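> Before I ask anything, let me first share the structure, which is written out below as structure tokens.
The values are calculated or read from the model by the stated rules, or taken from the named source; none is laboratory data. All values reported here derive from a predicted model rather than from experimental measurement. Cβ atoms come from the backbone with ideal geometry, glycine included; neighbour counts cover every protein chain shown. Note: areas computed on protein heavy atoms with side chains; ligands, DNA, RNA excluded. Shrake-Rupley method; radii C 1.70, N 1.55, O 1.52, S 1.80 Å.
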Amino acid sequence: MTLKLPLQIGDQFPASSFAKSNYKALKRFDPRGGINQIATDTVLKKLSEIRELEPTLMDAVKSNAKALGYYVAGGAVGLGVFAGVGYGIYKMVEAQLSREAYWATYAVAISAEYLLEKMNCGLSNLSLAYVLAVHDTAKRAAKWSTKQDERTQDQKSQDAINCREEICAQLKTVFDDCGKYLNEKAASIETLEKGVKFRQRLASFEQKFPLMEKMLIACNLHQDKVSEVMQRLKDRVQLAKKQSCELSASPLDKDRNLQILSLYKAEAIQDIAVPGDIQSRIEQARGQQMGRMEKVSGYVSALWSGVKAGLCASVGTAIVGKGLAHQFEISPLWSLALPPLSPLQTAACVAAVAIPAVVVIGKECVAHTKNIQDNHGFVQDELNACKNELSAIYQNVAESLQSKPVPADLKPKFAVIQNEIQKLGLVKNPAEILGALA
């Protein structure tokens, strides 16, 4: 069974009538099966066309054999043409030219031999020119054949690209339609129990995404295109999970948080241990954090700016010095050598070069240091905000228990939650977030 393409495409339209059946088909996806589990009929057809368009070893053999055939044919044609032309010239000379013309013809031949010998062509007679002319004709014929094959292959490559674009467009539409259905279904859930069950099904469905991507890449689709196809579905699934049920730091939701954790299966509790928004904020904050190489490159750039400023200052100092030397007739302006300098003049020149360099280096280093500090402060503030929000969530859960011992069915869940919090790297000890629940 293949997927069905929705008739109406766009965010302005609701999920199609095919969305539910497509979602159920995707939910049954098994990596041991075929590509038809996650493709439409058109996609399967285009994949078949791509396989036919891609060059094979036999195509290369045929191309080389054809080029060899054209080489032989071109050589034979050249051999006949040049031999015929030569024989015709010989007969013409023999029949019509005078004795003086014979000597002129011989002189041209001797000159041609001399030129060939000077070109280090090896042989010292006109037979070499004849061989080279035949070889060049044969090579041009073979090259023409190869160019024809290259043009054919270029067209096939472009057709394959067009097929891939159509495949990605269709899959993106179908997956997005499934995501719309999940969002609509999540928004219509009325009870928390149904919301928990629905989210658990979504978490199970989400685990199949990497396997789907792997199968699509195995069908000669580029990885970046496959990621683009899957991204909209991933985003909609995340939204559906949030719509169905999510832990909240609001004091009004403390009983709801405890109820969610109680209803959630222990083997899937890691899916809801950390809200998706907090995970995204942590990843984005760390993604914007300056790395060591970025920090070092900033100081290197400042040093290079100082060097350039020093070079410019040295050129300016040299020009001023040469101008003064010319003015007082100490040295001609075009001379490369400056007159001897006194210690005071030397110190002045060094200062004129060093001061601009030091000023530029200091200014840019200070600015770069401030950027590093600002970046570190932003990242730390964002991570601390995420940590405080996560602490508030589990503080609400602890308050809901009202100093009662943690129920036996919740203890293994909190052990898993503790591991998930440890993976975030926000704190050294997860007890700082879990508090009495640790």
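> Would you mind working out the accessible area per residue for the stretch 260-300, using a 1.4 Å probe, and quoting it in Å²?
Using a 1.4 Å probe on heavy atoms only, each residue of the stretch 260-300 averages 57 Å².
> Sort 414-424, 236-246 by the packing proxy (mean of other Cβ within 10 Å over each peptide's residues), most packed first. If you can, show how the numbers build up before the last one.
Details: 414-424: 16.6, 236-246: 19.8.
Put in order of decreasing packing, that is 236-246, 414-424.
> How many angstrom lie between the Cα centre of the stretch 380-438 and the Cα centre of the stretch 164-194?
32
> State which entries of Lys265/Lys423; Lys180/Lys423; Lys225/Lys387 exceed 25 angstrom in Cα-Cα distance in the structure shown. Each step should come with its number before you reach the end.
On the way: Lys265/Lys423 20 Å; Lys180/Lys423 32 Å; Lys225/Lys387 35 Å.
Where the Cα-Cα span goes over 25 Å, the pairs concerned are Lys180/Lys423; Lys225/Lys387.
> Next question, about the same structure. With the crude spin-label approximation of a point 7 Å out along Cα→Cβ, what separation in nm comes out for Phe29 versus Lys214?
Going from the Phe29 label point to the Lys214 one covers 1.2 nm.
> Something else now. Extension gain Val296-Ser21, at 0.36 nm per residue separation less the Cα-Cα distance, in nm? Write out the running numbers ahead of the final one.
Values: separation 275, 0.36 × 275 = 99.00 nm, distance 5.46 nm.
Using 0.36 nm per residue and subtracting the Cα-Cα distance, I get 93.5 nm.
> Let me ask something else about it. Using a probe of 1.4 angstrom, how much of the accessible area of the stretch 14-53 is carbon and sulfur, in percent?
On the way: 1060 of 2120 Å².
Whole-percent figure for carbon plus sulfur exposure: 50.
> Please get the size of the charge dipole for the stretch 166-301, origin at its Cα centre, with Cβ charges of +1 on Lys and Arg and -1 on Asp and Glu, quoted in debye to the nearest 20.
Numbers: 22 positive and 19 negative charges, 35 e Å.
Magnitude of the dipole: close to 180 debye.
> Considering only protein heavy atoms, with the full assembly of protein chains and a 1.4 angstrom probe, order Val43, Val366 by accessible area, largest first.
Details: Val43 5, Val366 105 Å².
The ordering from most to least exposed comes out as Val366, Val43.
> Distance cut-off 19 Å, Cα to Cα: go down the list Lys234/Lys428; Lys24/Lys241; Lys185/Lys254 and report the pairs above it.
Details: Lys234/Lys428 31 Å; Lys24/Lys241 17 Å; Lys185/Lys254 25 Å.
Checking Cα-Cα distances, Lys234/Lys428; Lys185/Lys254 exceed 19 Å.
> For Gln231 and Glu399, what is the calculated FRET efficiency with R₀ set at 30 Å and r taken between the beta-carbons, to the nearest 0.05?
Values: r = 38 Å, r/R0 = 1.28.
Plugging the Cβ-Cβ distance into 1/(1 + (r/R0)^6) gives 0.20.
> Follow-up. Which FRET efficiency value, to the nearest 0.05, do you get for Ala415 and Ala385 by plugging their Cβ-Cβ distance into 1/(1 + (r/R0)^6) with R0 = 30 Å?
On the way: r = 26 Å, r/R0 = 0.87.
The value I calculate is 0.70.
> How much area per residue is accessible in the stretch 151-200 when the probe is 1.4 Å and only protein heavy atoms are counted (Å²)? Write out the running numbers ahead of the final one.
On the way: 2380 Å² over 50 residues.
Accessible area per residue: 48 Å².
> With each label point set 7 Å from Cα along the Cα-Cβ vector, what nm distance links Lys370 and Ala436?
4.8
> Sticking with the crude label model, points 7 Å out along Cα→Cβ, report the distance from Glu283 to Glu267 in nm, one decimal please.
Here the modelled spin labels are 2.5 nm apart.
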